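Student: So that we are looking at the same thing, I have put the structure below in structure tokens.
Any read-out appearing in this document is the output of simple, stated calculations on the displayed coordinates, not a laboratory observation. Keep in mind it's a predicted model, so treat the numbers as computed, not measured. All Cβ positions, even for glycine, are placed from backbone atoms using ideal geometry, and neighbour counts span all protein chains on display.
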Amino acid sequence: MFPDEKQLVRRIVEKFVRTGSGEDGQVQVIRLPDGKTSVVETVEAEGRSIFLDEYKVDGRIVWAGYSSRSGTVFLSQARVY
């Protein structure tokens, strides 16, 4: 992931933690079930694995990843035990 993509994802994660909404006008944001650390993205007939990185914001952990292929950020809140 490029530095500007990391900044984009970080901004979306911070917004998600602080407001409950990760919506962003620049990219599509997809909320995954809690505890997911990867997702298979299907574009046309091909699948691609997206591995999510851990972000810690305000004491909460969120897994997030960016797909440059579709311009999508995937978010998953960490499970709390």
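Student: Could you tell me how many cubic angstrom of Cα convex hull volume segment 33-73 has per residue? Each step should come with its number before you reach the end.
Tutor: On the way: hull volume 2.8 nm³, N = 41.
So the per-residue Cα hull volume is 69 Å³.
Student: Here's something else I'd like to know. GluC sites (Glu not before Pro) within segment 19-65: which are DSSP loop residues with at most 15 other Cβ atoms inside 10 Å? Before the final figure, lay out each step's value.
Tutor: On the way: sites: Glu23, Glu41, Glu44, Glu46, Glu54; in loops: Glu23, Glu44.
Taking segment 19-65 and a limit of 15 other Cβ atoms within 10 Å, the loop GluC sites (Glu not before Pro) found are Glu23, Glu44.
Student: Another one. Rg/Rh for segment 1-42: what does it come to with C-alpha atoms and Rh from Kirkwood? Write out the running numbers ahead of the final one.
Tutor: Working: Rg = 11.0 Å, Rh = 11.5 Å.
Across segment 1-42, the Cα-based Rg/Rh ratio is 0.96.
Student: Just to check I understand the Karplus step: with θ = phi - 60° and J = 6.51 cos²θ - 1.76 cosθ + 1.60, what whole-Hz values come out for segment 19-33, glycine and proline as x?
Tutor: The phi angles translate into 10, x, 10, x, 3, 8, x, 8, 9, 7, 10, 10, 8, 9, x Hz.
Student: Now, a different point. For semi-axes √(5λ) of the Cα gyration tensor in Å, one of (1) 18, 14, 13; (2) 20, 15, 11; (3) 27, 16, 11 was computed from the structure I shared and the rest are decoys. Which label?
Tutor: Calculated semi-axes √(5λ) of the Cα gyration tensor in Å: the matching label is (2).
Student: Then there is this: Based on DSSP H runs of at least 4 residues, each adding -39500 (n - 2.57), what is the mean residue ellipticity at 222 nm of the chain after dividing by all its residues, to the nearest 500 deg cm²/dmol?
Tutor: Working: 1 runs with 17 residues, N = 81.
Dividing the helical sum by the residues of the chain leaves -7000 deg cm²/dmol.
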